[in-house]
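Enquirer: Have a look at the structure that comes next, please.
The values are calculated or read from the model by the stated rules, or taken from the named source; none is laboratory data. Here the structure is a predicted model, which is why all the values come from computation and not from measurement. Glycine also receives a Cβ, built like all others from the backbone with ideal geometry; neighbour counts cover every protein chain displayed.
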Amino acid sequence: KILLTGALGQIGSELTVKLRDIYGASNVIATDIRDNGGDVVQSGPFEILDVTNTEAMFDVAKRHQVDTVIHLAALLSATAEKMPLLAWNLNMGGLVNALEVSRELDCKFFTPSSIGAFGPTTPKDLTPQDTIQRPTTMYGVNKVSGELLCDYYYHKYGVDTRGLRFPGLISYVTLPGGGTTDYAVDIYYKAIEEGRYTSYIDKGTYMDMMYMPDALNAIVNLMEADPTKLIHRNSFNVTAMSFEPEQIAAEIKKHIPNFVMDYDVDPSRQAIADSWPNAIDCSAAKQEWGFKSEYDLAKMTVDMLNKLKKTVNV
Ligand code: VAH
């Protein structure tokens, strides 16, 4: 049985559905701080859970006798930079609670890290799996601390912790929320709704990205990987593509010829993006558990536009 926190978030909304398809709806207990009445809430067990409430998390985990914890509840980079202390309390308080539940109930554990765990002194191109990690954002501090804490729980208590350093994730199920890479989500919605987009990230700003289906497969494949093959655990570099705003705009123009993009750079989110790598190396993930991605920018754009045309009012 799987306890999933942050089930209504960008990853959680789709991972809950996928895990219920694979392992059976009744085996995936979805939780979040609120109830939005959507299909995550309707399609299987759902509970309101504030991950900073230790007793509440132990209560849910014990009542459902979970053996796996997938901890997704967190504030993303742009929001965390606006409210750094709230981010520290939620991102680290929630993580410690989820790790303590996993230790006491002997659960397998997953939580995502991010390219945000790297900083301005990290090599920016083909960023290695093992390298300098001195992030300059609260989100990055949370992610590096989280990686170290998850490795600690593995080495000290034997908790089977595993993690992925995700690039910007792109999906059509949830609206962009609080991330720096979310321009690459918003651009698709605006291209269909308005035929135009004003990017808050400047041209020439390369960031790693991945389409959500590849991210969900990576989580399942890592969690099902043979633990004896894992040299690393928290957390693996994974990416599918790296692009800058002009490139995603050009790809959209192939399908919406009149699409136009201009820029109104947001200094705060631009500074976050500038501190991150241009493109990371994911050979460790490929070698240790066979990571691969299916979607490049062209294939993702076709799927995103087709799916969004069905959901947003053109
Ligand atoms: C963010 N989408 O922008 C998240 C992610 C690598 C970016 O961590 O904060």
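Enquirer: Could you list, in sequence order, all residues of the range 189-209 that are over 21 Å from SER268 (Cβ atoms) and in contact with a Phe, Trp or Tyr (Cβ under 7 Å, 6 or more places away or on another chain)? Before the answer, list the steps.
Expert: The initial filter retains those residues of the range 189-209 that are over 21 Å from SER268 (Cβ atoms), namely 189, 191-196.
Residues satisfying the conditions are ALA191, GLY195, ARG196.
Enquirer: Hey, among PRO277, PRO245, which residue is away from the ligand (no atom under 12 Å from the Cβ), crowded, with 20+ Cβ neighbours inside 10 Å and closer than 21 Å to THR127 by Cβ?
Expert: Details: PRO277 fails: away from the ligand (no atom under 12 Å from the Cβ).
Going through PRO277, PRO245 in turn, the sole match is PRO245.
Enquirer: Right, next: Kindly check whether there is at least one residue in the range 259-282 that is farther than 18 Å from MET207 by Cα, part of a helix (DSSP H, G or I) and at pLDDT 95 or above.
Expert: The answer is no, given that none of the residues of the range 259-282 is farther than 18 Å from MET207 by Cα, part of a helix (DSSP H, G or I) and at pLDDT 95 or above.
Enquirer: If GLY140 satisfies every condition in (1) part of a helix (DSSP H, G or I); (2) more than 14 Å from the chain's Cα centre (by Cα); (3) within 14 Å of the ligand (Cβ to nearest atom); (4) surrounded by 23 or more Cβ atoms within 10 Å (Cβ to Cβ) but one, which is the exception?
Expert: Only one criterion is unmet by GLY140, namely (2).
Enquirer: Here's a follow-up. May I ask you to say which residue of THR79, THR121 is among the hydroxyl-bearing types (Ser, Thr, Tyr), surrounded by fewer than 24 Cβ atoms within 10 Å (Cβ to Cβ) and in contact (Cβ under 8 Å) with a residue 40 or more places away in the chain? Let's see the steps before the verdict.
Expert: Numbers: THR121 fails: in contact (Cβ under 8 Å) with a residue 40 or more places away in the chain.
None of the others qualify; the one that does is THR79.
Enquirer: Applying the selection to the range 176-198, what residues are among the polar types (S, T, N, Q) and within 16 Å of the ligand (Cβ to nearest atom)?
Expert: As a first pass, look at the range 176-198 and keep what is among the polar types (S, T, N, Q): 180-181, 198.
Passing the criteria: THR180, THR181.
Enquirer: Follow-up. Answer with yes or no whether LEU149 is within 16 Å of the ligand (Cβ to nearest atom) and assigned to a helix (DSSP H, G or I).
Expert: Details: within 16 Å of the ligand (Cβ to nearest atom): no; assigned to a helix (DSSP H, G or I): yes.
No; evaluated as a whole, the condition is false for this residue.
Enquirer: Still on this structure: Exactly one of (1) more than 17 Å from ALA98 (Cα to Cα); (2) touching a Lys or Arg at 6+ places or on another chain (Cβ under 7 Å); (3) not in a loop (DSSP other than H, G, I, E, B) is unmet by VAL40. Its number?
Expert: Going through (1) more than 17 Å from ALA98 (Cα to Cα); (2) touching a Lys or Arg at 6+ places or on another chain (Cβ under 7 Å); (3) not in a loop (DSSP other than H, G, I, E, B) one by one, VAL40 breaks only (2).
Enquirer: What strands (runs of 3 or more DSSP E), lying completely within the range 184-252, carry at least 1 residues that are acidic (Asp, Glu)? First the steps, then the outcome.
Expert: Working: elements: 196-199, 207-211, 241-243.
Filter on the range 184-252 gives 207-211.
Enquirer: Mind listing just one residue for me: the one in the range 156-175 that is among the aliphatic types (A, V, I, L, M), touching a residue at least 60 places away in the same chain (Cβ under 8 Å) and part of a loop (DSSP other than H, G, I, E, B) and, of those, nearest to the ligand (Cβ to nearest atom)? Let's see the steps before the verdict.
Expert: The initial filter retains those residues of the range 156-175 that are among the aliphatic types (A, V, I, L, M), namely 159, 164, 169-170, 173, 175.
Next, from what is left, pick out any that are touching a residue at least 60 places away in the same chain (Cβ under 8 Å): 159, 164, 169-170, 173.
Now drop any that are not part of a loop (DSSP other than H, G, I, E, B), which leaves 159, 173.
Details: VAL159: 23, VAL173: 14 Å.
The qualifying residue nearest to the ligand (Cβ to nearest atom) is VAL173.
Enquirer: Related question: Give the residues of the range 1-22 that are more than 19 Å from ASP59 (Cβ to Cβ) and either among the small types (Gly, Ala, Ser) or surrounded by 17 or more Cβ atoms within 10 Å (Cβ to Cβ) (or both), sorted by residue number.
Expert: Narrowing the range 1-22 to residues more than 19 Å from ASP59 (Cβ to Cβ): 8-22.
Residues satisfying the conditions are LEU8, GLY9, GLN10, ILE11, GLY12, SER13, GLU14, LEU15, THR16, VAL17, LEU19, ARG20.
Enquirer: So, one more: Among the residues of the range 287-298, which ones are in a helix (DSSP H, G or I) and either in contact with a strand residue (DSSP E or B) (Cβ under 6 Å, 6 or more places away or on another chain) or exposed (fewer than 14 other Cβ atoms within 10 Å of the Cβ) (or both)?
Expert: Pass one, the range 287-298, residues in a helix (DSSP H, G or I): 287-289, 297-298.
Across the range 287-298, the qualifying residues are GLN287, LEU297, ALA298.
Enquirer: Against the definition (of a type outside the set (A, V, I, L, M), crowded, with 23+ Cβ neighbours inside 10 Å and out of contact with any Cys (no Cβ under 8 Å at 6 or more places or on another chain)), how does GLY94 come out, yes or no? Working first, answer last.
Expert: Values: of a type outside the set (A, V, I, L, M): yes; crowded, with 23+ Cβ neighbours inside 10 Å: yes; out of contact with any Cys (no Cβ under 8 Å at 6 or more places or on another chain): yes.
So GLY94 passes the test.
Enquirer: Then there's this: Would a scan of the range 67-86 turn up a residue that is within 14 Å of the ligand (Cβ to nearest atom), under 14 Å from GLY6 (Cα atoms) and assigned to a helix (DSSP H, G or I)?
Expert: No.
Enquirer: Now a separate question. Any residue in the range 23-38 that's under 15 Å from GLY12 (Cβ atoms) and surrounded by 14 or more Cβ atoms within 10 Å (Cβ to Cβ): show its pairings with residues that are basic (Lys, Arg) and at pLDDT 95 or above at Cβ separation under 7 Å, as long as the two are six or more apart or on different chains.
Expert: Close Cβ pairs (under 7 Å, with a partner that is basic (Lys, Arg) and at pLDDT 95 or above) amount to VAL28/ARG20; ILE29/LYS1.
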